[in-house]
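Trainee: Quick one: the structure is below, and I'll ask about it shortly.
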Ligand SMILES: Nc1nc2c(ncn2[C@@H]2O[C@H](COP(=O)(O)OP(=O)(O)OP(=O)(O)O)[C@@H](O)[C@H]2O)c(=O)[nH]1
Ligand SMILES: [Mg+2]
């Protein structure tokens, strides 16, 4: 199989390997809707929010199959715009990080879900923190751009790509395998699919009086696009997070006490490591203490 970028050849994975795919992004961006499109015929549907407050509190697994490959799609807590850099705001990032470490089978793909048209400040920072610092860019990350119901979904990316690149949002562009259209797919397959990006409509819209839905056609085309993107861009060999290495980078743990005074309890002191400064720089944090608290919150619970 040819890879789009490098021209290298990578063998396809045996169908029995179940790949973990994590969908993340801001509250209300359409993460749960995208999961339902990926699952297509799955009986266990992700709950789509009806209010702006957000309804997905922790990571939830949904199983599905694309082509001949089984997947587990992970629906995650929404990353919010308010109070950027504060500990409560970091909860979603922390839970994403814990999820990464919980997955014994590793992670094969990240899908960053974003609402069109613009990249928000929170979106840019969340991307940066998660992709560059927590995953070290070792897992491919692709974009699902939702709310394109009123736009030309086929030309949207080429018209808007420069804006994303300017904000440092650069999707992975490696195609590991080709997606064959299956009977499960709609007959309305999209004429154009971008590499590393799916420009989609993630809702069917209102029910029509005479049957069907207002955005049915756009939705079916979008289902095909997102399934193709996930199938073609997931890693052949999942990436497994290494918490210890990252922990050392973020917080240097110093044990104090002395062998001459065995009664003195060993105290563990945390000194800022390189990762804390990265956190501060990326999140525009002024205080070392705040960055340390976040680093500790991230590590808490990770074996
Ligand atoms: N018009 C339109 N509505 C959409 C689109 N994608 C999602 N929605 C709607 O946006 C709302 C939020 O979608 P969800 O899928 O619940 O978003 P989410 O990212 O899972 O939200 P949280 O779980 O709260 O973080 C729902 O009412 C969806 O029907 C889209 O492409 N177009
Ligand atoms: Mg949701």
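Trainee: Which one of these is more than 12 Å from ligand 2 (Cβ to nearest atom), within 22 Å of residue 143 (Cα to Cα) and modelled with pLDDT under 90: 26, 81? Show your work before the answer.
Mentor: Working: 26 fails: more than 12 Å from ligand 2 (Cβ to nearest atom).
Just one listed residue meets the conditions, 81.
Trainee: Something else about it: All but one of (1) assigned to a helix (DSSP H, G or I); (2) away from ligand 1 (no atom under 13 Å from the Cβ); (3) at pLDDT 85 or above hold for residue 38; which doesn't?
Mentor: Only one criterion is unmet by residue 38, namely (2).
Trainee: Tell me the residue from 46, 52, 61 that is modelled with pLDDT of 90 or more and within 15 Å of ligand 2 (Cβ to nearest atom), please.
Mentor: Numbers: 46 fails: modelled with pLDDT of 90 or more; 52 fails: modelled with pLDDT of 90 or more.
Step by step, each of 46, 52, 61 is checked, and only 61 is modelled with pLDDT of 90 or more and within 15 Å of ligand 2 (Cβ to nearest atom).
Trainee: Residue 99: assigned by TED's automatic domain parsing to the domain that holds residue 222, within 16 Å of ligand 2 (Cβ to nearest atom) and at pLDDT 80 or above, yes or no? Break it down stepwise before answering.
Mentor: On the way: assigned by TED's automatic domain parsing to the domain that holds residue 222: yes; within 16 Å of ligand 2 (Cβ to nearest atom): yes; at pLDDT 80 or above: yes.
It is true that residue 99 is assigned by TED's automatic domain parsing to the domain that holds residue 222, within 16 Å of ligand 2 (Cβ to nearest atom) and at pLDDT 80 or above.
Trainee: Could you grab me the full set of residues in region 173-198 that are modelled with pLDDT of 95 or more and either in contact with a strand residue (DSSP E or B) (Cβ under 6 Å, 6 or more places away or on another chain) or within 12 Å of residue 224 (Cα to Cα) (or both)?
Mentor: Once the filter is applied, which keeps residues that are modelled with pLDDT of 95 or more and either in contact with a strand residue (DSSP E or B) (Cβ under 6 Å, 6 or more places away or on another chain) or within 12 Å of residue 224 (Cα to Cα) (or both), region 173-198 yields 196, 197, 198.
Trainee: Working carefully through the options 118, 138, 124, find the one that is within 14 Å of the chain's Cα centre (by Cα) and part of a loop (DSSP other than H, G, I, E, B).
Mentor: Numbers: 118 fails: within 14 Å of the chain's Cα centre (by Cα); 124 fails: part of a loop (DSSP other than H, G, I, E, B).
Unique residue meeting the criteria: 138.
The values are calculated or read from the model by the stated rules, or taken from the named source; none is laboratory data. Note that this is a predicted model, so its numbers are computed, not measured. In this analysis, Cβ positions are derived from the backbone assuming ideal geometry, glycine residues included, and neighbour counts consider all displayed protein chains.
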